[in-house]
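A.B. asks: Next up is a structure, given as structure tokens.
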Amino acid sequence: MRVLAAMSGGVDSAVAAARMVDAGHDVTGVHLALSRNPRTFRSGARGCCSLEDSHDARRAADRLGIPFYVWDFSDRFAAEVVDDFVAEYRAGRTPNPCLRCNERIKFAAVLDRGVALGFDAIATGHYARLEDGPAGVELHRAADDSKDQSYVLGVLTAGQVARSLFPLGGDLKTDVRAEAEARGLGVARKPDSHDICFIPDGDTAGYLRSHLGSTQGPILDEDGTVVGEHDGAHQFTVGQRRGLRLGRPADDGRPRYVLDISPVTNTVTVGPHDHLRVSRLSCIRPTWAGPRRDGPWRGAVQVRAHGAPVGATIEIGAGAEVVLDEPLVGVAPGQGAVFYSGTRVVGSATIAATDAMAVPA
């Protein structure tokens, strides 16, 4: 089988490519240039897509004896991930750019080009498992819950899942690093990347300020009373407490968190932590990693990359209505909801609205 190995320059993708070679596949490595102005080096675990990452990927490919190419997707990444990220915050929503990148770049643009060039599948270093099911290949959670990345793969379609390979899904990260060391791969001890790759300093508020400006507006409590002032509603997300700089304390002395953001009125509404509890999600734009599950069914939903699935009744129509077995806290419109049946990823959707739980007096 001709396999396109996506090589980020990190340890996981290098070992994934090596295992594809061991399995006897005809493997070609490809590194995605996603930044129009890449940094020369990464700063520890922050960011990715630097020239250093590209060189590390090339050295790993050389070690494995496979062809290696750099594909420039920087313009498409800017238009479909970065610009989308800014637009979502402008609209008062909280997007996950990793979901968008997997949906529109890594498993759409890259896979489409690979198939056009005669490749059969794409292999990545994501921690997720593939299993044969009655209706075809199924996407499942990884064996190591602490490294599971099925959430960020929840946007894949059934066709994309069928052409994907995740060689590390059954492993612990410590074992993958040990294998990289044994193979003589120079990235064996390279730290994992964190934060948003196009915001390597981790200052999301500063990044948004530079793109959306600073427009002062009121911070309100739930009664509509002005309790502070902000420099731009786009700098906040539901559940946030840091940076509010409230001018007056709550009457009950409890700390307050962001409950709602209105870009139309440029207001931020705050309240106690209890009022962040959510019992219902209304979702739009569903995608299916396998057969569509119409009507109400019992499953689980995960709303954060590092969260845990929560039992739910899920009803599929034009969108998806999700009634949670237990409340979630700080869920924001724009986040992705990934649906599970046991360990299997059924599909995903974008959260459009939530219903806060009634809080007893």
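Each reported figure results from applying straightforward, stated rules to the coordinates on display, with no laboratory input. All of these numbers come straight from a predicted model, not from anything done at the bench. Please note: Cβ atoms are built from the backbone with ideal geometry, for glycine as well, and neighbour counts cover all protein chains shown.
A.B. asks: Each label point is 7 Å from the Cα along the Cα-to-Cβ direction; what then is the distance between the points at VAL137 and THR157, in nm?
C.D. replies: Placing both labels 7 Å beyond Cα along the Cβ direction yields 1.5 nm.
A.B. asks: A further question follows. Any idea how far apart SER282 and THR174 come out in nm if each label point goes 7 Å out from Cα toward Cβ?
C.D. replies: For SER282 paired with THR174, the spin-label model returns 4.7 nm.
A.B. asks: Still on this model: Would you order MET20, MET1, MET7 from fewest to most other beta-carbon atoms within 10 Å of each residue's own beta-carbon?
C.D. replies: The order, fewest Cβ neighbours first, is MET1, MET20, MET7.
A.B. asks: Something else about it: So what is the 222 nm mean residue ellipticity for the chain from helices alone, if each DSSP H run of at least 4 adds -39500 (n - 2.57) and you divide by all residues, rounding to the nearest 500 deg cm²/dmol?
C.D. replies: It lands at -5500 deg cm²/dmol.
A.B. asks: Subtracting the Cα-Cα distance from 0.36 nm times the residue separation, let me have the gained length for ARG189 to ALA87 in nm, one decimal.
C.D. replies: 33.1 nm
A.B. asks: Which length gain, in nm to one decimal place, applies between ARG113 and ASN266 when the Cα-Cα distance is subtracted from 0.36 nm times their residue separation?
C.D. replies: Residue separation times 0.36 nm, minus the Cα-Cα distance, leaves 50.9 nm.
A.B. asks: Another question, then. What nm value, rounded to one decimal, do you get for the distance between ASP120 and GLU321 when each label is placed 7 Å out toward the C-beta?
C.D. replies: Modelled inter-label distance: 4.5 nm.
A.B. asks: Let me ask something additional. Assuming R0 = 30 Å, can you tell me the calculated FRET efficiency for the pair ALA182 and ASP145, based on Cβ-Cβ distance, to the nearest 0.05? Intermediate results must be reported in sequence, preceding the final value.
C.D. replies: Details: r = 25 Å, r/R0 = 0.84.
Approximately 0.75, to the nearest 0.05.
A.B. asks: Take the Cβ-Cβ distance between TRP297 and VAL329 as r, set R0 to 22 Å, and report the resulting FRET efficiency rounded to the nearest 0.05.
C.D. replies: E(calc), rounded to 0.05, equals 0.35.
A.B. asks: If R₀ is 45 angstrom, what is the calculated FRET efficiency for the pair VAL70 and THR313, using the beta carbon separation as r and rounding to 0.05?
C.D. replies: 0.45
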